[in-house]
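The values are calculated or read from the model by the stated rules, or taken from the named source; none is laboratory data. Keep in mind it's a predicted model, so treat the numbers as computed, not measured. Neighbour counts are summed over all protein chains in view; Cβ atoms, including those assigned to glycine, are modelled from backbone coordinates with ideal geometry. SASA here: full protein model, heavy atoms, side chains in, ligands and nucleic acids out. Shrake-Rupley method; radii C 1.70, N 1.55, O 1.52, S 1.80 Å.
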Amino acid sequence: MSTGKNLIYQRKLKGYSQQELSEKTEVTVRTIQRIEKGDVQPHLQTLKLLAAALDIDVNELLPIENPKEEAIQKKWLLLLHATPLLGFMLPLFNVLIPLFLWIHKREDNPLYNQHGVKVINFQITILIFYFLSFIALLTIEGYGFFMFIAIIPICVFIVLLNIFYAVKKHKCYYPLSIPFLSYKKNAFKSAATLFTLAFLTSCLVHSQSNIVRLDGSQISKDSLTRHIEKIMAEGNVQGMALSIFNKNEAVYHETFGYKDYEEKLPLSDSTNIYGASFSKAVFSVLVMHLVEEGIIDLDTPLESYLPQKIYEYEPQTRWHDDFSDLKQDSLYHKITARMCLAHTSGLPNWRWDEKDHKLKLIKTPGSTHYYSGEGFVYLQVILEKIMGQGLEEMAQERIFKPLQMNRSSYEWKQAFNDDIAYGHGPKGEKHTKDTDNEPRGGSTLETTAEDYTKFMEAVLNKRLISKKSYDEIFKNQISIDPKELSVSSEERAILSKGNLGYGLGWGYLETPYGKGVFKAGNGSGFQHYSILFPETGMGIMIMTNSRNGRSIIKKLLEICLKDSFSTLEVAVNIRSRKPPHNEC
């Protein structure tokens with residue numbers, strides 16, 4: 001049996017859950033899950049920790065001898081002997097890479113230990129010889145030049161010879177090597193050398209293994225994962241995907257928990273998740289793409305692009321393109337694309353929120369901010385009539401396919417059925433999956449953690465559209481008075497120090513760390529939040545399939561980004577606040 005199956009058998013034999021086993025060791029629940037699924041080959045030290053907690057011999061977790069062991073040994077020997085050649089392109093990598101491999105594999109097989117020591121000793125010796133030959137080049141005429149140019153071809157010849165010898169015979173021979181490292185464990189010389197070289201290696205990879213936060217502090221990925229798992233458990237959140245961005249790219253991308261808590265099916269980065277109002281962030285980029293193409297202008301009244309009144313068109317969908325209720329309205333024709341994206345169109349969030357379920361303006365267009373999904377639908381329908389294309393076709397052509405967001409769509413697709421996340425209620429009850437929505441730019445996005453992370457990276461790197469267009473999206477289009485929000489007095493005091501508002505499809509917030517642009521999503525048992533800091537290339541994306549998701553966002557922002565300034569409360573209350581009493 002495999003290591004994963006052995007671990008499942010021994011864990012269940014002892015009556016431990018994955019959480020209980022994690023608490024008895026330093027191994028995270030996430031790591032235990034990945035071992036049991038066979039996603040990773042655990043280090044021997046990890047297996048020793050698990051074996052000790054289970055009170056068994058480590059051999060009981062090791063897999064039955066693999067008939068492919070010979071091929072596996074050849075692979076690692078090839079890596080040990082061949083990777084030093086990278087040192088010709090990357091200084092010191094001829095030592096650092098085999099050192100890293102040796103540290104990682106030396107306890108797995110005595111063969112790796114012996115070969116690793118010989119490779120490292122030889123490569124350190126070559127570095128010393130190269131340094132001496134360079135001195136000779138400067139100080140000894142004739143012979144100095146010969147010594148300098150001879151070092152590299154001799155080194156390459158010896159390395160190539162040993163690659164062949166190690167793979168074929170499992171033996172190696174490196175002449176002239178100074179024995180910095182020894183085969184004997186605990187030898188003082190080996191320990192001292194190893195410490196020095198390991199320190200150099202750690203300096204090299206330190207920035208890659210740690211996450212930099214807004215205040216300049218750092219946190220290791222392992223430590224962060226443990227914090228996240230604890231916060232999720234305390235908040236009773238069934239599943240979550242989380243990405244953190246440093247320098248415009250994702251440096252941490254993990255999924256936790258379950259896509260279906262009832263069936264205990266794990267969430268993965270390819271699981272389709274209902275995006276809710278994350279739809280609006282994508283739609284805003286799509287609209288600016290069409291603005292750059294010259295299809296529309298942000299400040300031209302939208303109805304002027306049509307040959308007839310919007311309410312004269314026969315509806316093609318079940319409800320969202322039915323604007324017959326606007327026939328008696330005298331102000332809707334003023335609505336522009338900018339107003340729709342900045343939530344100043346004057347339309348309600350949804351017509352169903354109104355007592356009579358009829359679509360009507362509740363504010364004068366452009367006068368004040370009032371969150372409106374109907375405004376996004378209005379803009380979408382206008383664009384569809386101008387382009388002669390549906391929303392889905394426009395988004396696939398300009399957003400999803402260029403970014404290879406292969407499991408993203410504004411409409412449900414049968415291909416998603418093989419891996420979908422269900423929303424969950426406060427007590428973990430599973431919600432029915434809604435697969436009957438027609439494409440709407442403000443609300444029907446289906447995506448995955450992997451796909452939406454690609455989108456966030458594209459936004460940070462200003463791909464798909466120009467920098468000028470992103471600057472327009474992330475400009476404060478309409479300010480919002482914190483006094484209008486139902487937040488705590490402490491949060492209101494903090495927000496009063498910055499400028500809160502809305503850009504085009506994204507919320508806007510000035511913070512001590514620079515401009516932040518945020519978007520939340522909420523519906524059908526899903527609660528999401530994202531915030532980017534375009535000036536620093538930092539940010540976070542959080543997607544949960546739980547109605548408890550909102551309760552842990554603040555803690556996640558503080559631990560992941562050291563961000564105590566922006567919270568999901570802001571985004572949610574911007575969306576849910578009531579407009580001032582100056583009805584149009």
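For this structure, a couple of remarks:
- Listed residues V27, N476, S466: farthest to the positive end of the dipole of the chain (Cβ charges): V27
- Classification of the range 212-326 by its C-alpha gyration tensor yields an oblate form. The axis ratio a/c (a ≥ b ≥ c) is 1.5 or more, and b/c is at least a/b.
- The residues of the chain have, on average, 47 Å² of accessible surface per residue, using a 1.4 Å probe with all protein chains present.
- Kyte-Doolittle mean at least 1.0, axial Cα span of 24 Å or more - DSSP H helices of the chain: 110-139, 143-169
- Solvent exposure, largest accessible area first (probe 1.4 Å, DNA, RNA and ligands not counted), of F131, F122: F131, F122
- In the range 22-165, Cα pairs under 8 Å separated by at least six residues give a relative contact order of 16 percent.
- By the Kirkwood approach, averaging reciprocal distances over each pair of separate Cα atoms, the range 235-576 gets a hydrodynamic radius of 20.2 Å.
- Other residues with beta-carbon under 10 Å from the beta-carbon of Y112 carry, at +1 per Lys or Arg and -1 per Asp or Glu, a net charge of 0.
- Under the criterion of Cα pairs below 8 Å and six or more residues apart, the relative contact order for the range 235-576 equals 24 percent.
- Accessible surface of the chain [probe 1.4 Å, protein heavy atoms]: carbon and sulfur percent: 55 percent
- Listed residues E229, E263, E411, E20 arranged by accessible area, highest first, probe 1.4 Å: E263, E20, E411, E229
- Loop-located trypsin sites (Lys or Arg not before Pro) in the range 387-464 (DSSP state not H, G, I, E or B) with no more than 13 neighbouring Cβ atoms inside 10 Å: K413, K427.
- Set the Cα radius of gyration of the range 360-474 against 2.2 N^0.38 Å, with N its number of residues, and you get 1.24.
- Straight-line cross-link reach from K519 at under 18 Å between alpha-carbon atoms covers these lysines, not counting any fewer than eight positions away in the same chain: K280, K454, K462, K475, K554, K555.
- Residues Q114 and K12, FRET efficiency given R0 of 60 Å [Cβ-Cβ distance, rounded to 0.05]: 0.95
- Lysines whose Cα lies under 24 Å from that of K14, excluding same-chain neighbours fewer than 8 positions away: K5, K24, K37, K48, K230, K264
- Residue-averaged 222 nm ellipticity for the chain, from DSSP H runs of 4+ at -39500 (n - 2.57), nearest 500: -13500 deg cm²/dmol
- Computed over Cα pairs, the Kirkwood radius of the chain leads via Stokes-Einstein (1.306 mPa s, 10 °C) to a diffusion coefficient of 58 µm² per second.
- Solvent exposure of W319, expressed as accessible area, is near 50 Å², computed with a probe of 1.4 Å over the protein chains only.
- Full-stretch length increase - E292, F134 - with 0.36 nm per residue and alpha-carbon distance subtracted: 51.2 nm
- Look at the alpha carbon pairs under 8 Å that are at least 6 residues apart: their mean separation over the length of the range 3-61 gives a relative contact order of 40 percent.
- 20 Å Cα-Cα reach of K118 towards aspartates and glutamates, excluding residues that sit fewer than 8 places from it in its own chain: E107, D108
- Largest to smallest accessible area among I135, I163 [probe 1.4 Å]: I135, I163
- Average projected area [Cα convex hull, the range 3-61], square nanometres: 3.2 nm²
- Modelled spin labels at K168 and K430, positioned 7 Å past Cα toward Cβ, are 5.8 nm from each other.
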